[in-house]
Amino acid sequence: MTPTLYLARHAETVFNAAARMQGHMGHTPLTRNGIRQAEDMGRALRDLLGPKPDIALWASRAGRTMQTAAIIAEHLERDFFDIRADDRLLEIDVGDWEGRSYQEIVAESGPLLCAERRVFLRKPPNGEWYPDIARRLSGWLADLDPARPALVISHGITARVLRGALVGGTPFEPGCVPLAADAPQGTVFRIEGGREDAIHVGHGSVDGKAKGF
């Protein structure tokens with residue numbers, strides 16, 4: 001059984017604003033707009049969960065998710081050191097594209113994204129593909145306490161793979177894993193019993209000019 005999950009996409013970073021690939025990058029700081037997004041997420045969760053909620057706190061080890069989680073934890077009156085950082089929640093590994101601008105990569109090798117689905121058209125060189133993310137997330141799900149709700153701060157593509165596994169989605173290509181629809185940065189979903197509700201819709205980007213990978 002999977003516990004009730006509150007799944008959030010991290011707030012905007014300087015790389016998002018510049019349309020640069022992040023992937024597994026250790027730290028790309030939030031913009032001022034991103035800090036506002038994280039504050040909004042914290043307020044929404046505080047309104048829903050109240051102070052000091054008995055809820056597990058998880059985030060990927062990336063700086064952008066930990067910074068978002070730190071702001072949310074303050075709103076919830078929870079200790080930052082309660083947050084469990086886990087590499088299995090990291091964004092898709094973009095391999096050789098990491099740190100580069102979308103414009104550069106498109107000029108070199110052609111279109112990167114399917115505009116309709118807002119997903120990569122091909123596997124990043126020396127990076128991951130969607131089933132790779134699903135495999136690491138399945139191990140993370142197995143480690144959750146089914147009796148304790150969890151708040152999870154993750155990333156755009158990773159959250160879509162996780163939501164696809166838990167509430168359903170459409171495979172991008174035959175034999176691929178189901179992917180849920182995209183959501184703006186700063187959005188928080190409640191996932192329970194195979195259903196999801198957006199309890200807070202962020203005001204960050206959704207598309208890949210795509211600020212968010």
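The values are calculated or read from the model by the stated rules, or taken from the named source; none is laboratory data. Every value quoted in this text rests on a predicted model; they were computed, and no experiment measured them. Methodologically, a virtual Cβ is constructed for each residue, glycine included, from the backbone with ideal geometry; neighbour enumeration extends over all protein chains shown. These accessible areas exclude ligands, DNA and RNA; they are computed on the full protein's heavy atoms, side chains included. Shrake-Rupley method; radii C 1.70, N 1.55, O 1.52, S 1.80 Å.
Quick one, which of [x] 26, 20, 15; [y] 25, 19, 18; [z] 29, 17, 16 is the actual semi-axes √(5λ) of the Cα gyration tensor in Å calculated for this model?
Label [x] holds the value from this structure.
What relative contact order, as a whole-number percentage, does region 79-150 give when Cα pairs under 8 Å and 6 or more residues apart are counted?
Value for region 79-150: 39 percent.
Please report how far the C-alpha centroid of region 71-113 lies from that of region 147-173, rounded to the nearest whole angstrom.
Centre-to-centre (Cα) distance: 15 Å.
To the nearest 0.05, how large is the calculated FRET efficiency for D54 and A107 if R₀ is 41 Å and r is the Cβ-Cβ distance?
0.20
Along the charge dipole of region 81-213, Cβ charges K/R +1 and D/E -1, which of T158, H200, P131 sits furthest on the positive end?
The Cα lying farthest towards the positive end belongs to H200.
What dipole magnitude, in Debye to the nearest 20, does region 85-186 give about its Cα centre under +1 on Lys/Arg Cβ and -1 on Asp/Glu Cβ?
For region 85-186, the charge dipole is close to 340 debye.
Report the extension gain between D47 and W140 in nm, rounded to one decimal, defined as 0.36 nm multiplied by the number of residues separating them, less their alpha carbon distance.
Here the segment from D47 to W140 would lengthen by 30.7 nm.
How large are Rg and Dmax for region 165-207 when only the alpha carbon atoms are used, in Å?
Looking at region 165-207, its Cα Rg and Dmax stand at 11.8, 33 Å.
Would you mind getting the accessible area per residue of the chain, heavy atoms of the protein chains only, 1.4 Å probe, in Å²?
44
Magnitude of the Cβ-charge dipole of region 20-138, K/R +1 and D/E -1, about the Cα centre, nearest 20 debye?
About 160 debye.
Hey, what did the chain get for relative contact order, percent, Cα under 8 Å, at least 6 apart?
Relative CO of the chain lands at 32 percent.
Are there DSSP H segments in the chain that both extend 20 Å or more along their axis (alpha-carbon positions) and score a mean Kyte-Doolittle hydropathy of at least -1.0? List them, or say none.
Going by DSSP H runs, the hits are 32-49.
Amide H to amide H under 5 Å from T28: which residues, 5+ apart in sequence or cross-chain, H placed 1.01 Å off N in plane?
Those lying under 5 Å, H to H, from T28 are G63, R64.
Can you give me the distance in nm between label points at D79 and R195, each placed 7 Å from the Cα along the Cα-to-Cβ direction?
It is 3.7 nm.
Please get the size of the charge dipole for the chain, origin at its Cα centre, with Cβ charges of +1 on Lys and Arg and -1 on Asp and Glu, quoted in debye to the nearest 20.
200
Estimate the FRET efficiency between R32 and D132 by the formula 1/(1 + (r/R0)^6), using the beta-carbon distance for r and 30 Å for R0, to the nearest 0.05.
0.35
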